[in-house]
Amino acid sequence: MKARFRFILAASVLGLLMTGPFALIGLLLFADAKDAERAAFAQFLLPRLPVGGVITLLALVAGVLLLRGLFQQYVRGLSRMAETLRLMLGANRNFRVAPEGPSEVRELARAANDLAQQRDELLNDVEAQIRTAKATVEEEKNRLAALMSELALGVVVCNLDGRILLYNSRARLQFKALAQGPTSMSGGALIGLGRSIFSILERGQITHSLENIQQRLRRGSAEPTANFITSTRGGQLLRCQMAPVLRTGAILAKSEDNPPDPLSGKGGDEAGSQAVPAQGVSAATMLGAELQVTGYVLTIENITRNFEREAERDQALQSLTDGNRAALANIRAAVETLIGSPEMEVDYRERFTGVIAEEASAMSQRLETTMSRFADSLKTRWPLEDVLAIDIVAVAARRIQDRLNLPIKNEDQDATLWMRVDSFALIQAITFLASRLQDDYAIRELRLRLAAEGTMVFVDLIWSGTPVSSETLYAWELEPMNVGAETSPLTLRDVVDRHGGEIWYQRDKAAHNAFFRIVLPAAVTHDVPATDQTQHLHSASRPEYYDFDLFAARDAEGSGIDLDRRLTDLAYSVFDTETTGLQPSNGDEIIQLGAVRIVNNRLLRQEIFDQLVDPMIPLNPEAIQIHGITEAMVNGQPRLDVVLPAFHEFCAETVLVAHNASFDMRFLQLKEDGLGVRFTQPVLDTLLLSAVIHPNQESHRLESIAERLGINVIGRHTALGDAYVTGEVFLKMIPLLADMGILTLRQALDAAQKTWFARVKY
Amino acid sequence: MSHRILIVDDEPNIVISLEYLMKKEGFQVAVATDGETALQLAAEFIPDLVLLDVMMPKKSGFEVCQALRAVPALMATKIIMLTAKGRETEVTKGLALGADVYITKPFSTKDLVLQIKSLLA
């Protein structure tokens, strides 16, 4: 419009320029002339005026046309180019201006294209670098995660609010074992990213240790760590070491208005990216830089068993020393009296010898009792560890095959046996025996068997053919265990003694074979399960045991959920239930509860709740078709009165998310009064949110939404499977809601409620 | 005049040796097998020295020791504690409560006799 206006103006000016001078000159001449001259002039001019007018008009038209052409090329062409340049700048990076029009404009277009090209190269370069950096970070994170999960110590990293940022699987197992009640169902419900460590450890203890660390840091201590031993609700003893996580480069001026106060959590606002563990920072402290604590690393060891063992050993020692002092005193006094009194009468002498006999036999008995009672604690002086027996045998088998080239076969190996051994020495011993059998008796194959009896584990080395004599074994027992170039200072006997074990040679005439049997102590009451089911289930993906972005996260005031927080910043428990039917008010019951947590915009597949529930009523055969849960599966499972409180604990301080949440919530709410738990947190319904996002779609079934959002659906119709799908759906919905201006929890709840009313109206 | 010795121990198997030994050394001997009896007997017998076991029913040797020290008539009485508890803390406790000597079991009878003689000298 503006260009057109300018064009009209320019054309008018051109018209004026072409006619104006003539008219002016004519007017001037006319004014200057006499009357006669004027008449002659008019007579001369007037007849010729049309011709002149036409010529002028033609010239004007030609002029306007020329002007228009120039306008088209330079003004319009340039504005068009500006538009395409904008496009190139924003929406479509690959767009290029087509050079057209006059050469100057073409040159400009080419220059712009060259600039765009240069920009693209730069951008690509930056992107590539970012990708590489991200990959490196990711790799480091993975390495860290792998390292953490292999540690035998429990490790937990927290920010100053006590929120857990990282934990390893050992910590998870330890806390799982600590948990009271039926929390085996909750898969480590107590520990979780973003959860509070104070539900496990005492707040006062942690605060006190942090203060100690602060103190040490201020003094410039090289090891600003704190140790404490704490007992948990279940009476377990935990030994914890706390090391600070410090922010580097944060030199804080003393005169600042808000001095850093790590205990109240203030002043650590942007710590996340620069947080580093404390090692090697003391130098910086020396330089006078005040280091800011942004969190802490806790290494946790459950020492209950060590402690008990220690106490047992102490008791054994006590009963062996003090328990025998009196008896020995009696004997010694009697003996010395007898020796010192050769003249003693016979009946006196008899009484004295009676005392000696009595006390001596009492002592032997006491010794016997002590030994049998404390046998376990007395023989575990070597650093023995609890291992799965089958693992040791497998390693030994591989070693024998590699070193001796001797084929190994497995025979009746009980895969559930745990033993308490020095694994390296034991593998050496097995390899040594195999090598002697091969060298001296030319066996062609060795079979390894595992069995158990009482508190003993038997490792048998079986071969067919040449029998060996027991004497040979005695000789071998006392040799150093040298296999090939590998020498060992230990003998077989040492190894056996070290375990308080035994070894012997036996022949099985019926089976035409012979074997060496090594007897080893079984590991008692193993609290670490052989396989951690959930972990193995998802072992393909990196474990989501950490989230350092939480370093920067700060707790909102109070423990409630702040409705004005962004959806991306909240923690969620996405859950689903399977039920006996659709009518809770008519007596239908929950038979399965599954839930998964979302923290910091990530679905934490390890932090799950997955539990079958005994409904105490018969199942509906039609429903069995859908969820595949049978009577046999729910029989003997915990009842809802234990499951629901555990689930409540799992969901604490999170927003609940479910698909068609009102259905599940009805089931939960009907039980609230009877069980004394209350689900007061906000609830988001993916069905309603889907209606908010895609109001024109017909179906808002979970499958349809998942398909729309491009999510693979596997394992549906188990509570946990559906919770996973719902969780993924929800995560995809958050950015779509943001596009619609729905950013906070309050906005999401409002929008969902509006669609709900809209739907109810129809 | 021979010295009087009171033996306090609930175990007959040690009492027999101690009694025999003391008599052999020419002392007058009385025996109590628990703490309460020991206190009564001490009041009548007025021993010059008490051989006192720590672990006894009713009243422990520590209590007896303290009670004996509270009796004015027994001011000069020496107390030797004989005990199966060998920890340093218990030795200190015995000595603090008024024992002259603290001997842990088992002990040499020869040393015991020497110890008694030197205390009574």
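The values are calculated or read from the model by the stated rules, or taken from the named source; none is laboratory data. The shown structure was predicted, so the numbers you read here are calculated from the model rather than taken from an experiment. Don't worry about glycine lacking a Cβ; one is built from the backbone with ideal geometry, like all the others, and counts go over all protein chains shown.
If you scan the range B:83-121, which residues turn out to be more than 27 Å from A:Ser319 (Cα to Cα), touching a strand residue (DSSP E or B) at 6+ places or on another chain (Cβ under 7 Å) and aliphatic (A, V, I, L, M)?
B:Ile116, B:Leu119, B:Leu120
List the number of the failed condition for B:Ile116; all other conditions in (1) on the phi < 0 side of the Ramachandran plot; (2) out of contact with any His (no Cβ under 8 Å at 6 or more places or on another chain); (3) more than 14 Å from chain A (Cβ to nearest Cβ) hold.
The failed condition is (3).
Take A:Glu707 and tell me if it is among the charged types (D, E, K, R) and either part of a loop (DSSP other than H, G, I, E, B) or in contact with a Pro (Cβ under 8 Å, 6 or more places away or on another chain) (or both).
The answer is no for A:Glu707.
List the residue pairs whose Cβ atoms are under 6 Å apart, where the first residue sits in the range B:73-85 and is away from every other protein chain (no Cβ under 14 Å), the second is surrounded by fewer than 20 Cβ atoms within 10 Å (Cβ to Cβ) and part of a helix (DSSP H, G or I), and the two are 6 or more positions apart or on different chains.
Final answer for the pair search is B:Lys78/B:Leu119.
Assess whether A:Arg403 counts as being touching an Asp or Glu at 6+ places or on another chain (Cβ under 6 Å), surrounded by 12 or more Cβ atoms within 10 Å (Cβ to Cβ), touching a residue at least 60 places away in the same chain (Cβ under 8 Å) and not in a loop (DSSP other than H, G, I, E, B).
no
Would a scan of the range B:42-55 turn up a residue that is at pLDDT below 90 and more than 19 Å from B:Lys117 (Cα to Cα)?
Start the filter on the range B:42-55 by keeping residues that are at pLDDT below 90, which leaves B:54-55.
Keeping just the survivors that are more than 19 Å from B:Lys117 (Cα to Cα) gives B:54-55.
For the range B:42-55, residues at pLDDT below 90 and more than 19 Å from B:Lys117 (Cα to Cα): present.
Within the range A:353-364, which residues are surrounded by fewer than 21 Cβ atoms within 10 Å (Cβ to Cβ) and at the interface with chain B (Cβ under 8 Å from one of its Cβ atoms)? First the steps, then the outcome.
Of the range A:353-364, the ones surrounded by fewer than 21 Cβ atoms within 10 Å (Cβ to Cβ) are A:353-354, A:356-358, A:360-364.
Answer for the range A:353-364, where residues must be surrounded by fewer than 21 Cβ atoms within 10 Å (Cβ to Cβ) and at the interface with chain B (Cβ under 8 Å from one of its Cβ atoms): just A:Glu358.
Looking at (1) surrounded by 15 or more Cβ atoms within 10 Å (Cβ to Cβ); (2) more than 8 Å from every other protein chain (Cβ to nearest Cβ); (3) of a type in the set (D, E, K, R), which one does A:Glu350 not meet, given that it meets all the others?
The number of the failed condition is (1).
Taking only the range A:1-23 into account, find how many residues are free of Cβ contacts under 8 Å to residues at least 12 places away in the same chain, part of a helix (DSSP H, G or I) and farther than 17 Å from A:Leu65 by Cβ.
Residues meeting the conditions: 6.
Can we say A:Ala434 is modelled with pLDDT of 85 or more, of a type in the set (A, V, I, L, M, F, W, C) and surrounded by fewer than 12 Cβ atoms within 10 Å (Cβ to Cβ)?
When the stated conditions are applied, A:Ala434 does not pass them.
Give just the number: which of (1) surrounded by fewer than 15 Cβ atoms within 10 Å (Cβ to Cβ); (2) in a helix (DSSP H, G or I); (3) free of Cβ contacts under 8 Å to residues at least 40 places away in the same chain does A:Arg93 not satisfy?
Just one mismatch for A:Arg93, condition (2).
For the range A:559-581, give me each residue that is of a type outside the set (D, E, K, R) and without any contact (Cβ under 8 Å) to a residue 60 or more places away in the chain.
Initial filter on the range A:559-581 (of a type outside the set (D, E, K, R)): A:559-561, A:563, A:567-568, A:570-575, A:577, A:579-581.
Once the filter is applied, which keeps residues that are of a type outside the set (D, E, K, R) and without any contact (Cβ under 8 Å) to a residue 60 or more places away in the chain, the range A:559-581 yields A:Gly560, A:Thr580, A:Gly581.
Considering (1) within 12 Å of chain B (Cβ to nearest Cβ); (2) hydrophobic (A, V, I, L, M, F, W, C); (3) in a helix (DSSP H, G or I); (4) surrounded by 16 or more Cβ atoms within 10 Å (Cβ to Cβ), say which one A:Met344 fails and leave the rest.
Here A:Met344 meets the rest and fails (3).
Would you be able to say whether some residue in the range B:10-23 is in contact with a Lys or Arg (Cβ under 6 Å, 6 or more places away or on another chain), within 14 Å of chain A (Cβ to nearest Cβ) and touching a residue at least 12 places away in the same chain (Cβ under 8 Å)?
no
Within the range A:301-316, track down each residue that is among the basic types (Lys, Arg) and under 26 Å from A:Arg170 (Cα atoms).
Within the range A:301-316, the subset among the basic types (Lys, Arg) is A:305, A:309, A:313.
A:Arg305, A:Arg309, listed by residue number.
For the range A:616-676, list the helices (runs of 4 or more DSSP H) that sit wholly inside it and hold at least 1 residues that are free of Cβ contacts under 8 Å to residues at least 60 places away in the same chain and at positive phi; which are they?
Answer list for the range A:616-676: none.
Would you point out the residue of the range A:311-338, among those that are facing another protein chain (nearest Cβ under 9 Å) and basic (Lys, Arg), that is farthest from A:Arg373 (Cα to Cα)?
A:Arg332
Looking at (1) more than 11 Å from chain A (Cβ to nearest Cβ); (2) over 12 Å from the mean Cα position of the chain (by Cα); (3) buried (at least 17 other Cβ atoms within 10 Å of the Cβ), which is the one condition that is false for B:Glu44?
(3)
From the set of residues in the range B:90-113 that are free of Cβ contacts under 8 Å to residues at least 12 places away in the same chain and either more than 13 Å from chain A (Cβ to nearest Cβ) or part of a loop (DSSP other than H, G, I, E, B) (or both), which is nearest to the chain's Cα centre (by Cα)?
In this case the residue turns out to be B:Leu95.
Starting from residues that are over 14 Å from A:Val156 (Cβ atoms) and in a helix (DSSP H, G or I), keep the ones in the range A:181-204 and report whichever is modelled with the highest pLDDT.
A:Arg203
Hey, A:Ile462 hits all of (1) surrounded by fewer than 19 Cβ atoms within 10 Å (Cβ to Cβ); (2) in contact (Cβ under 8 Å) with a residue 40 or more places away in the chain; (3) farther than 30 Å from A:Glu310 by Cβ but one; which does it fall short on?
Tallying (1) surrounded by fewer than 19 Cβ atoms within 10 Å (Cβ to Cβ); (2) in contact (Cβ under 8 Å) with a residue 40 or more places away in the chain; (3) farther than 30 Å from A:Glu310 by Cβ, A:Ile462 fails exactly one: (1).
Do we have A:Asn113 as assigned to a helix (DSSP H, G or I), touching a Lys or Arg at 6+ places or on another chain (Cβ under 9 Å) and closer than 19 Å to A:Arg80 by Cβ here?
Values: assigned to a helix (DSSP H, G or I): yes; touching a Lys or Arg at 6+ places or on another chain (Cβ under 9 Å): yes; closer than 19 Å to A:Arg80 by Cβ: yes.
Against the criterion (assigned to a helix (DSSP H, G or I), touching a Lys or Arg at 6+ places or on another chain (Cβ under 9 Å) and closer than 19 Å to A:Arg80 by Cβ), A:Asn113 qualifies.
Of A:His700, A:His717, which residue is in contact (Cβ under 8 Å) with a residue 40 or more places away in the chain and either of a type in the set (Val, Ile, Thr) or assigned to a loop (DSSP other than H, G, I, E, B) (or both)?
A:His717
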